[in-house]
């Protein structure tokens, strides 16, 4: 008769706890490195997404995000916007000219799409 295999759930839980403890003790340099690695992994995953998968993911995030923002105070909103501005400035400062060109091209395409969806309310022509 074969031996019963034990679940490795406790092993995974122990690993998760150890990782959590490690993260609470890491330096700001390590935190930044870990975040960069996480961002790199996310970008690789997102590069393989189809447009419909991306749209579905964004729609799934929209409602919880709207709920959070509806609950935040004015000072929390201001703090969030300032942090967002800092992140954007950091990203743009590290962009290559080619990346800047790509970003501006995407923004232009998005603007054209927004304008195309708008319906003129008054058409006097």
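The values are calculated or read from the model by the stated rules, or taken from the named source; none is laboratory data. Keep in mind the model is a prediction, meaning the values are calculated, not measured. In this analysis, Cβ positions are derived from the backbone assuming ideal geometry, glycine residues included, and neighbour counts consider all displayed protein chains.
For residues in the range 26-67 being loosely packed, with under 10 Cβ neighbours inside 10 Å and not in a helix (DSSP H, G or I), which is modelled with the lowest pLDDT?
Result: 27.
With the requirement that a residue be surrounded by 11 or more Cβ atoms within 10 Å (Cβ to Cβ), part of a helix (DSSP H, G or I) and over 14 Å from the mean Cα position of the chain (by Cα), what does the range 81-100 give you?
Initial filter on the range 81-100 (surrounded by 11 or more Cβ atoms within 10 Å (Cβ to Cβ)): 91-92, 95, 99-100.
Still in the running and part of a helix (DSSP H, G or I): 91-92, 99-100.
Within the range 81-100, 92, 99, 100 qualify.
If you check 23, 76, which single one turns out to be surrounded by 10 or more Cβ atoms within 10 Å (Cβ to Cβ), out of contact with any strand residue (DSSP E or B) (no Cβ under 6 Å at 6 or more places or on another chain) and modelled with pLDDT of 90 or more? Let's see the steps before the verdict.
Working: 23 fails: modelled with pLDDT of 90 or more.
Matching residue, one of 23, 76: 76.
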